[in-house]
Amino acid sequence: MSSFLSLPAISPHRPAFSGASFRPRSLSPRLFKSCVKCSYVEAGFSSDSRSDPIDIVADIKSERVVVLGGNGFVGSAICKAAITKGIEVVSVSRSGRPNFQGSWLDQVTWVTGDVFYLNWDEVLLGATAVVSTIGGFGNEEQMKRINGEANVVAVNAAKDFGVPKFVLITVHDYNLPPFILSSGYFTGKRNAEAELLSKYPTSGVVLRPGFIYGKRKVNGLEIPLDLVGEPLDKIYDAAQSFIKPLRSLPASDLLLAPPVNVDDLALAVINAIKDDDFFGIFTIEQIKEAAAKMRV
């Protein structure tokens, strides 16, 4: 489990950017030049003939993602998916490398640190995207700090350093009573979303999943959340036309919002990292659509 307590939170108000957006594709800023020297010999020349070198300059896209809370349930799934897709990964968390096993773990750079005291110049060097899974519970002040201030610090650090994309994992916009949504937990996340979309209006991504399921590892123990989430997911898919109208009832989303597989959420993040036209706020349904595109 990530020491950042990477649990999503609820946003009580929709930011000014109210949905996922797309724009005409432009040349990615994440390109660097690679120069290759080669030589050739025309037909009829002897084998010891010398030829002049040719300089070939190619544009190569190199991706390096920094995952905040990368050793947690959601963060580790994102790290693993990124490695699988050939993306260089740096994980930042207060407890460093997770204590479970996996061959992909050796391909991640595990940094131990706190977002409030990080040397961002070292962590963000070469980064093309930052993904934050930071969040957690506690008293009012703790929740404002963990869910809001920590993410705001990360967003501003990435922006100041020139990282072109930032992905923030929050939660489904549940229709809960205002007295619940006004707590520090929810207002912290709302502030983080607003900060992200103001600093990254055309490249910031907010993913809002509901209940996230999969095999969660806590202190060496595996908690099979998929035993609950997977059957529910199938039920929601089958009964979607019946359930959807009921979700307008107050607080009904707590029971009726579809769950999201942690691997689907991770693939949606990879889609966001790779696609320069992917930005804005993404709902549960849009997260699943984004994940499906990465499987093609």
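The values are calculated or read from the model by the stated rules, or taken from the named source; none is laboratory data. This one's a predicted model, so the numbers in the text were calculated from it and none came from an experiment. Quick reminder, even Gly has a Cβ in these numbers, built from the backbone with ideal geometry, and neighbours come from all protein chains shown. Side chains included, ligands, DNA and RNA excluded: accessible areas come from the protein's heavy atoms. Shrake-Rupley method; radii C 1.70, N 1.55, O 1.52, S 1.80 Å.
Some observations on this one:
- Restricting attention to the stretch 117-136 and to residues that are small (Gly, Ala, Ser) and in a loop (DSSP other than H, G, I, E, B), the residue that is nearest to Pro209 (Cα to Cα) turns out to be Gly135.
- Remark: pairs (first residue in the stretch 97-122, touching a residue at least 60 places away in the same chain (Cβ under 8 Å); second residue charged (D, E, K, R); Cβ separation under 6 Å; 6+ apart in sequence or on different chains) = Phe100/Lys217.
- Those residues of the stretch 193-224 which are at pLDDT 80 or above, small (Gly, Ala, Ser) and open to solvent by 40 Å² or more (accessible area, probe 1.4 Å), in sequence order: Ala194, Ser198
- With respect to the conditions (1) open to solvent by 20 Å² or more (accessible area, probe 1.4 Å); (2) over 20 Å from Ile78 (Cα atoms), Ser252 lacks only one, and its number is (1).
- Note on the stretch 73-116: residues that are in a helix (DSSP H, G or I), within 15 Å of Gly214 (Cβ to Cβ) and open to solvent by less than 30 Å² (accessible area, probe 1.4 Å) amount to 8.
- Taken as a whole, the condition of being open to solvent by 20 Å² or more (accessible area, probe 1.4 Å), over 20 Å from the mean Cα position of the chain (by Cα) and either over 30 Å from Asp276 (Cβ atoms) or without any contact (Cβ under 8 Å) to a residue 24 or more places away in the chain (or both) applies to Ile180.
- Yes/no for Leu207 being in contact with a Pro (Cβ under 7 Å, 6 or more places away or on another chain) and touching a residue at least 24 places away in the same chain (Cβ under 8 Å): no
- Test result for Asp59, among the acidic types (Asp, Glu), modelled with pLDDT under 95 and touching a strand residue (DSSP E or B) at 6+ places or on another chain (Cβ under 6 Å): yes
- Applying the criterion of at least 1 residues that are of a type in the set (Phe, Trp, Tyr) and touching a Leu at 6+ places or on another chain (Cβ under 6 Å) to the helices (runs of 4 or more DSSP H) found wholly in the stretch 137-227 leaves 150-161.
- Failed item, numbered, when Phe161 is tested on (1) among the aromatic types (Phe, Trp, Tyr); (2) open to solvent by 50 Å² or more (accessible area, probe 1.4 Å); (3) farther than 23 Å from Asp277 by Cα: (3)
- Pairing residues of the stretch 65-88 that are over 25 Å from Glu149 (Cβ atoms) with residues that are among the aliphatic types (A, V, I, L, M) and outside any helix (DSSP H, G or I), at Cβ distances under 7 Å and at least 6 apart in sequence or on separate chains, gives Ala82/Val65; Ala82/Val89; Ile83/Val89; Ile83/Val108; Ile87/Val65.
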